[in-house]
Amino acid sequence: MDKAILKYLRDNGFGEFCPKAVLFDMDGVLYNSMPHHAIAWVQSMQRFGITMTPSDAYATEGARGIDTIRHFVKQQQHKDISLDEAQKMYDVKTSIFHAMPEAPVLEGVKELMRQIVADGLSVNVVTGSGQKPLINRLLSDFGEFLTPDHITTAYDVTRGKPAPDPYLSGLRKAGNLQPWQAIVVENAPLGVRAGVAAHIFTIAVNTGPLPDEALLNAGANLLFSNMEQLSKSWPRIMSLVTK
């Protein structure tokens, strides 16, 4: 871990690593929700003549839904659609997703958040979703750690992941922090790329079917196999913070 932090500082030209906030992705990081999202993507896009596989859903996870839809329409139907058209298609996907049972909170998440808060850092969420029921559930499940003003959604930015904009917005909401004052926790290549592009120390947690290399090649500074492993390693990470 110490080598990973030293490499991060060297690669970005920073002189210190003193996180004051953790910026969590939502799906696949806080909730085991990606299997449901994959089903909803496949079924909804079929209605519009778009072929999308579960692997496609995992590979594009983290991007704004409307951006994913516009990409696949352009790729397969060779036309550009408006944001409004994409939103209507995304609404179908959302409807299918919310008809499914609620996805459970991933093991280790709340214990990790307790440690984060105890260490004096703030808990933040940066998600490509903008669905109000999901945001309400975040506050219901993590209200003891999280406040509404520390949540960044698809509607806070015009460019979604893998652009750095969502995490730059997360830094502002966390208190106008500098990149070396935060940690990103992601599970998807596009999200990892966004964190790295924002020059934030980015931890990947591989909770899905993608190979580890997909996350490491995206630039993850550290990789864990699940949230419980990250929670157990948190004290060690904090011991390396610049004093």
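Against the conditions (1) surrounded by fewer than 16 Cβ atoms within 10 Å (Cβ to Cβ); (2) out of contact with any strand residue (DSSP E or B) (no Cβ under 7 Å at 6 or more places or on another chain); (3) closer than 28 Å to residue 177 by Cα; (4) not charged (D, E, K, R), residue 55 satisfies every one except (3). Whenever a residue of region 189-207 is within 15 Å of residue 126 (Cα to Cα) and not assigned by TED's automatic domain parsing to the domain that holds residue 219, it has no partner that is among the aliphatic types (A, V, I, L, M) and surrounded by 24 or more Cβ atoms within 10 Å (Cβ to Cβ) lying with C-beta atoms less than 7 angstrom away and at least six residues away or across chains.
No other residue among 121, 134, 139 is closer than 15 Å to residue 20 by Cα and not β-branched (Val, Ile, Thr) apart from 121.
Cβ-Cβ distances below 7 Å connect the following pairs, each with a first residue in region 22-43 that is touching a residue at least 40 places away in the same chain (Cβ under 8 Å), a second residue that is in a strand (DSSP E or B) and polar (S, T, N, Q), and a separation of six or more residues or different chains: 22/124; 23/124; 24/124. For first residues located in region 211-230 and more than 18 Å from residue 9 (Cα to Cα), partners that are assigned to a helix (DSSP H, G or I) and β-branched (Val, Ile, Thr) and lie 6+ apart or on another chain with Cβ distances below 6 Å form the pairs 215/192; 227/109.
For region 1-55, residues that are closer than 23 Å to residue 230 by Cβ, polar (S, T, N, Q) and not in a loop (DSSP other than H, G, I, E, B) total 1.
Number of residues in region 188-223 that are crowded, with 24+ Cβ neighbours inside 10 Å, at pLDDT 95 or above and in a loop (DSSP other than H, G, I, E, B): the value is 2.
The values are calculated or read from the model by the stated rules, or taken from the named source; none is laboratory data. On a predicted model such as this, the values are computed, not experimentally measured, just so you know. Cβ sites come from the backbone with ideal geometry, for glycine too, and all protein chains shown count toward neighbours.
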